[in-house]
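Comments concern the structure below.
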Amino acid sequence: MTQAGSSPERTVIAGEDLPPTLGPYSAGVRAGDVLYVSGQPGVGNVPGEPVGPTFGEQARQAFANLERVLLAGGSRPELVVNVTVMLTDVGDFPELNEIFAEVFPVDPPARVSMQIGLAPGFHITVACTALVED
């Protein structure tokens, strides 16, 4: 809640050390004590290109990209409260669950997973909402 005479704080999380976005959006936005991280696909250093052809390679990179944005925004995986995972093949759920358990080994966050269409060659994108540390 904003107090009288003050305005809400909104900070765009950006920088050359963050994964490249695939469109005109921010990698993350911090609003007060909450960080919203945009969908992070399995891209490496080449903008618009998947890090590898397999679901596992892309999923691990997507979660690594998510962590980079979290850290840049003043958060960390342990402070994630909700994750949205979008994948192109529900057959990849078992591998997703294994990787998710590695990324969030204790007290995992809430999660929504769904099958969707993604850009050609991509298998997964991961977004989240997290608390930030002071």
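Observations, loosely collected:
- In the elastic network of the chain, a GNM with C-alpha springs shorter than 10 Å, the most mobile of Thr88, Thr11, Thr21 is Thr11.
- When only Cα pairs below 8 angstrom with a gap of at least 6 residues are kept, the range 10-131 shows a relative contact order of 32 percent.
- Extension gain, Leu131 to Arg10: 0.36 nm times the residue separation minus the Cα-Cα distance gives 42.2 nm.
- Largest-first principal axis extents of the Cα set of the range 10-131 (Å): 38, 33, 20
- Report note on the peptides 91-100, 60-69, 30-39: ranked by the mean count of other C-beta atoms within 10 Å, highest first, their order is 60-69, 30-39, 91-100.
- Nearest-20 debye value, the chain charge dipole, Cβ charges on Lys, Arg, Asp, Glu: 340 debye
- Cα-based helix-to-principal-axis angle, 93-103 vs the chain, degrees rounded to 10: 40 degrees
- Charge context of Gln58, other residues only, Cβ under 13 angstrom, K/R +1, D/E -1: -4
Laboratory data are not the source of any read-out in this text; all were calculated from the coordinates shown. This one's a predicted model, so the numbers in the text were calculated from it and none came from an experiment. FYI the Cβ positions are ideal-geometry reconstructions off the backbone, even for glycines, and counts take in every protein chain you see.
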